[in-house]
Structures are given as structure tokens and as C-alpha cells.
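Undergrad: The structure is given below, and queries will be raised subsequently.
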Amino acid sequence: MSSDYDAAEFIDGDFEAHKSAFAATPAPGEAQRAPTREEVDSKVAETHQKLAELKRAQEELQRERAALEETRRRQMEFQTGRQEMVQNLTRGLGLLQEAEFNARRDAEQMAKALVELRDARSKIQAIHDEMWTQDNFSVELTRALTTLENARMEWNAARLKIPVLSAPVADGQADGQAAGASVPSLLASRSFGELCRLGLALTLPLAAVGLLAFAALLVVLLRH
């Protein structure tokens, strides 16, 4: 019985491929064919295309490098800035806490000094020496001196704690204080005899005026 067969089944593919490659390869003694104009143009175009692709790849790599360098710069700026600001803020917080503590302490001392100085002033203003009598003069004077001494102690203590109280006074106030302090210092440098003569010189005109007024009053009474 006859059967159909395929002619390709009797062809060795490896042999045909080897035969084609052998046929395409020129013999050692055979000269190679010069490239045509179209082949050269094709090679040039292919080379330009490869150069363009390499240039695009280079530009892309340069952009990536620039982006990476910018990222690195920003990261370094962030790390340096964070460290700097943490140090500055920590130092600032410490200084502010210390200043707040000192301010609160000074405020408490000022409030306490205000109460004490107002109390001392009220006690001094409550002294009415014009109401003293001969009987209670010594007792009231001792009490008044004690009040003044306590007020002076409060004043000196407040000046030590609060620097603003030790600030130099104005010129007008300094002149007034100097004038007030010059009289006691002038009297303190005098002897008892000089003080007596000074008192007599001060009271003699008043005594003369009083005698004249008394004489005039006496004359008026005698006429009536």
C-alpha cells in the first residue's frame, strides 16, 4: 500500500545551514566586496543613532546625578539645621527658665518689700509728736525712735535685695537731701556755748518784737 510522504523529511536541516554559512563565507584567497553607498549611509545613520542614544543616556545620568547631589545637599542642610536648632533651643530654654525663675524671685521680693515698706511708712506717719505731753514725752520719743530704726532696717534690707532702690537720685532730690543734711551737720560741729549764742541771736529779735507788742498793749489798756 502506497503512502504519502513529505519531501522535507529527507532534508537535513543542520547540513543545509552549515552549507549556507560555508557558501556565504568567502574563500581565503577571494577579495572582499567593497561596501556600497547605501551600506555606508546605513552605517553612518546607525552610528548617529547610537551616539544620540548615548547622549540621551548621558544627559539622563547627569540629571540623576544632579538630583542625587541636590538631595544629598538638602539632607545635609536638614541634619545640620536640626542639630543647630536643637542646640539653640535647648540653650534658649535654659536661659529663659533661669530668667523666669530670677524674675519670679525678684517679683516675690518686690511684693514683699512693698508690703514691708508701706507698713514702715504707715507706722512713721502714725507718729504725731505734736500730741505728746510732758508726761509721755520720754516714752513716746523712745517708741518713735524704735519705729524709725525698724523702718531704716527695712529700707536697708530692701536696698540690698532690689538694686533699683540703690539707683542714684535726681539732681533736685540730691540737692534737697544735701540741704537737709547740711543743717544737722552744721549744728553738730558747734559747741554748747556757740549753740547758746546762736539760739540767743535767733530768739532776740522775736523777744524784742514780743516786748514791743506787750508794751503797746499795756499802753492801750492804761489809756482805757
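The values are calculated or read from the model by the stated rules, or taken from the named source; none is laboratory data. Given the structure is predicted, the values throughout are model-derived calculations rather than measurements. With ideal geometry, Cβ positions are generated from the backbone for all residues, glycine too; neighbour counts draw on all protein chains shown. Areas reflect the complete protein model, heavy atoms only, side chains present, ligands, DNA and RNA absent. Shrake-Rupley method; radii C 1.70, N 1.55, O 1.52, S 1.80 Å.
Undergrad: Mind checking whether some residue in region 167-190 is modelled with pLDDT of 70 or more and either part of a helix (DSSP H, G or I) or out of contact with any helix residue (DSSP H, G or I) (no Cβ under 9 Å at 6 or more places or on another chain) (or both)?
TA: Yes.
Undergrad: Search region 122-136 for residues being in a helix (DSSP H, G or I) and in contact with a helix residue (DSSP H, G or I) (Cβ under 9 Å, 6 or more places away or on another chain), and hand back the single one that is least open to solvent (accessible area, probe 1.4 Å).
TA: Going residue by residue through region 122-136, those that are in a helix (DSSP H, G or I) are 122-125, 129-131.
Going one step further and asking which of them are in contact with a helix residue (DSSP H, G or I) (Cβ under 9 Å, 6 or more places away or on another chain), we end up with 123-124, 129, 131.
Numbers: LYS123: 112, ILE124: 64, ASP129: 93, MET131: 134 Å².
Per the stated criteria, the residue is ILE124.
Undergrad: Cβ-Cβ distance below 6 Å, separation of 6 or more or different chains: which pairs start in region 99-121 with a residue that is open to solvent by less than 100 Å² (accessible area, probe 1.4 Å) and end on one that is at pLDDT 90 or above and part of a helix (DSSP H, G or I)?
TA: Note: pairs meeting the criteria are GLU116/GLU154; ALA120/ALA151; ALA120/GLU154.
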